[in-house]
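FYI, it's all coordinate maths here, none of it is from the lab. Only a predicted model underlies this, so the values are computations on that prediction, with no experimental measurement involved. Here the Cβ positions follow ideal geometry from the backbone for every residue, glycine too, while neighbour counts run over all protein chains shown.
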Amino acid sequence: MDQQTRPARRPGRRRSLTVGRVFGVPLHLDASMLLLTLVVTVIYAEFARDRLGLPPLGGYLIGLGFVVSLLGSVLLHELGHALTARRHGIGVRGITLELLGGYTEMDRDAPSARVDLQVSLAGPAVSAVLGLLAVGATLALPPHTLAHQLALQLALSNVVVALFNILPGLPLDGGRALRAAVWALTRDRHRATEIAGWVGRAVAVGTAVLVVLLTLARILVPLALPLMLLVVFTLWRGAGQSIRYARISRRFPLVDLRRLARPVLAVPTGTPLAEAQRRRDAYSPPGAAVGVADGAGRTVALLDPVRAGRVPAERRPWVAVDEVSRPLTQLPVLPVGLDGEQVMEIVQTHPGAQYVVTAGEDVVGVLHIADLAQLLEPKRKMNT
């Protein structure tokens with residue numbers, strides 16, 4: 001149950017369905033929820049039938065009801081994060097429920113360690129309250145009844161969610177709380193994030209060892225092992241992403257669009273592709289992008305290297321550069337005054353290979369995503 005502060009469209013995100021708003025916060029359901037619904041319904045249906053002697057249909061209805069109740073608990077957990085963040089002036093882009101829980105997406109990071117701590121612990125606090133209420137209901141209801149079983153499962157699930165999420169490692173809520181504490185001590189948010197990420201990896205390894213031991217001791221049913229290992233993998237990957245993001249964000253001040261942008265060599269509309277490429281190759285400094293200028297000398301399009309590369313060499317003298325170019329209106333734009341964090345937000349929201357860097361109505365140059373990646377992650381090899 002983590003809170004994401006990256007842009008709304010994250011790389012590699014699966015498609016989700018928007019189902020409405022809760023307290024004004026958009027609610028999305030990930031496609032993986034279908035798998036969760038099927039697996040938990042079947043497992044809990046078999047459990048309910050064995051314990052309560054229900055017919056097959058009744059068992060599956062109870063299993064489905066448990067899934068709905070569990071999703072409601074997860075939603076309330078995420079609302080704890082969302083409403084606390086909004087109370088501190090942090091915009092909330094939405095809540096997504098997925099296979100392994102959910103996450104709340106905010107438009108910016110917390111302004112201070114204190115606020116970060118409050119937002120992080122709000123979700124586990126909601127789960128703890130729900131768990132205590134469910135425990136009270138379990139104790140009050142007659143045992144071996146349908147209501148008792150549902151209350152018991154909700155109590156266990158919410159208590160487990162609350163305890164698991166306060167483990168001190170990213171991407172868990174407890175990891176964000178640890179980050180807030182280290183941030184307050186060191187005054188360095190990036191270092192705090194990296195430390196909490198490495199602790200998150202240790203938590204993932206410890207969880208994997210515990211899951212295997214519980215399975216060997218027959219405390220955990222073998223059917224649950226794949227799901228638990230998926231949780232471990234998700235923790236490890238989330239911790240790694242946190243470490244990487246901390247290292248990248250530390251280099252945000254180095255982003256200078258005027259320096260990073262490659263110059264644009266404008267050629268008149270109708271220029272043969274071969275001639276445009278000849279001029280580019282003779283241009284100094286090397287690496288310039290090729291633009292197409294209209295009759296007034298304004299750059300209106302940009303040569304698409306991929307489309308140009310598909311044209312056979314013998315045809316390039318007969319193909320106009322316009323035919324393998326993209327209008328500037330179809331390309332994402334980066335105003336020259338943006339800082340590193342704002343540039344990353346646009347890049348992640350609008351993925352692409354090239355971005356037009358502008359100063360007012362003038363084209364300053366073209367930013368290649370490979371150049372930005374090389375600046376932010378100099379040790380990673382990027383294809384240019």
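Observations, loosely collected:
- In percent, rounded to a whole number, the relative contact order of the stretch 256-376 is 29, using alpha-carbon pairs under 8 Å and six or more apart.
- The chain - percent relative contact order, Cα under 8 Å, separation 6 or more: 12 percent
- Annotation: amide H of Val267 within the under-5 Å range of Gly291, Val292, Ala293, sequence separation 5 or more or interchain, hydrogens built in the peptide plane.
- GNM remark for the chain: springs join alpha carbons under 10 Å apart, and the peak mean-square fluctuation among Leu273, Leu76, Leu97 falls on Leu273.
- Summarising the strand pairing of the chain, around 65 percent of its internal DSSP beta bridges are antiparallel.
- Viscosity 1.002 mPa s, temperature 20 °C, Stokes-Einstein D of the stretch 261-310 from Kirkwood C-alpha radius, µm²/s: 194 µm²/s
- Under a Gaussian network description of the chain, with springs only between Cα atoms under 10 Å, the residue in Ala296, Ala370, Ala274 that fluctuates furthest is Ala296.
- Within the stretch 193-302, trypsin sites (Lys or Arg not before Pro) in DSSP loop having at most 11 other beta-carbon neighbours inside 10 Å: Arg218
- Note on the chain: semi-axes of the ellipsoid equivalent to its C-alpha gyration tensor, largest first and rounded to whole Å, are 51, 24, 19.
- Euclidean distance of C-alpha centroids, the stretch 290-334 and the stretch 168-210, integer Å: 47 Å
- When Val363, Val333 are arranged by Cβ crowding within 10 Å, least crowded first, meaning fewest neighbours, the order is Val333, Val363.
- Taking other C-beta atoms within 10 Å as the exposure proxy, His368, His77 rank His368, His77 from fewest upward.
- Over the stretch 285-384: Kirkwood hydrodynamic radius from C-alpha pairwise inverse distances, Å: 15.0 Å
- When the chain is treated as a Gaussian network with alpha carbon springs shorter than 10 Å, the biggest mean-square fluctuation among Leu213, Leu172, Leu29 belongs to Leu213.
- Antiparallel DSSP beta bridges within the stretch 256-376, as percent of all bridges there, nearest 5: 65 percent
- Shown for Ser16, Ser127: other C-beta atoms within 10 Å of each C-beta, ranked fewest to most, produce the order Ser16, Ser127.
- Computed from phi, the 3J(HN,Hα) profile of the stretch 330-347 under the Karplus parametrisation 6.51, -1.76, 1.60 (θ = phi - 60°) reads 9, 9, x, 10, 10, x, 5, x, 5, 8, x, 5, 5, 4, 5, 5, 5, 4 Hz, with x in place of Gly and Pro.
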